[in-house]
1. Considering the Cα positions of segment 9-163, please state its Rg to one decimal place and its Dmax as a whole number of Å.
2. What is the order of VAL30, VAL144, fewest Cβ neighbours within 10 Å to most?
3. How would ILE111, ILE35, ILE55 line up from fewest to most surrounding beta-carbon atoms within 10 angstrom?
4. Between GLN150 and GLU43, how many nm apart are label points set 7 Å from Cα along the C-beta direction?
5. 7 Å from Cα along Cα→Cβ at both GLN14 and ARG138: what's the point-to-point distance in nm?
6. What FRET efficiency do you get for ILE111 and GLU36 if R0 is 22 Å and r is their Cβ-Cβ distance, rounded to the nearest 0.05?
7. Within segment 110-160, which trypsin sites (Lys or Arg not before Pro) sit in a loop by DSSP and count at most 12 neighbouring Cβ atoms inside 10 Å?
8. If r is the Cβ-Cβ distance from SER120 to GLU87 and R0 is 30 Å, what FRET efficiency results, to the nearest 0.05?
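Derivation of every value follows stated rules applied to the coordinates shown; laboratory data play no part. All values reported here derive from a predicted model rather than from experimental measurement. Quick reminder, even Gly has a Cβ in these numbers, built from the backbone with ideal geometry, and neighbours come from all protein chains shown.
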Amino acid sequence: MSRKRIEPVQVIKQRRDGALHSLVHGVPYVQFLGIEFDRRGDELTAIMPFDDKLIGNPMLPALHGGAIAGFLETTAVIGLAWSVLWEDIESGNVDTEELAVGHLPRLPKTIDFNIDYLRSGLPRDAYARARVTRSGRRYASVHVEAWQDQRGKLFAQATGHFLMPAPADG
């Protein structure tokens with residue numbers, strides 16, 4: 001009986017980071033908003049660096065509600081897709097080299113998305129985290145919270161429901 005060979009930590013980390021990079025950089029709107037994701041284990045934090053193009057009201061100045069909505073929905077979709085992809089990567093069901101060349105998994109489709117604007121988004125970097133509250137074969141619910149300077153002082157939050165893509169034929 002032979003044991004499964006244990007991979008070095010750096011190889012595992014590179015595989016996970018490569019899969020996340022492919023997932024995030026495969027969505028043009030993510031690039032337009034400049035959103036990046038910081039990964040710590042299986043937890044993602046979305047970061048939307050401040051840019052003048054994100055200002056909606058220059059008199060305040062405040063982030064545009066559409067930019068905030070896009071940031072929250074993107075965080076929810078990528079967070080949900082990552083939670084599914086994470087399980088597949090860890091079980092060996094995903095070829096991460098195919099991900100690297102652009103063969104991305106299908107992303108969940110938004111059914112509805114409700115946003116609570118709690119205060120004005122200031123002209124500075126924004127952060128968000130998504131928490132999958134329910135995930136099944138066909139349907140998932142996600143809650144997202146966004147903050148700027150203090151994690152406990154949210155400026156927006158959202159709840160979304162998503163249609164999960166059909167599993168790939170294997």
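1. Cα radius of gyration and Dmax of segment 9-163 are 15.7, 52 Å respectively.
2. Final ranking by Cβ density, sparse to dense: VAL30, VAL144.
3. The most exposed by this proxy come first: ILE111, ILE55, ILE35.
4. Once both label points are built, they end up 2.0 nm from each other.
5. 4.2
6. Working: r = 26 Å, r/R0 = 1.20.
The calculated FRET efficiency here is 0.25.
7. On the way: sites: ARG119, ARG124, ARG129, ARG131, ARG134, ARG137, ARG138, ARG151, LYS153; in loops: ARG119, ARG124, ARG137, ARG138, ARG151, LYS153.
Those satisfying the criteria are ARG119, ARG124, ARG137, ARG138, ARG151, LYS153.
8. On the way: r = 38 Å, r/R0 = 1.26.
Calculated transfer efficiency: 0.20.
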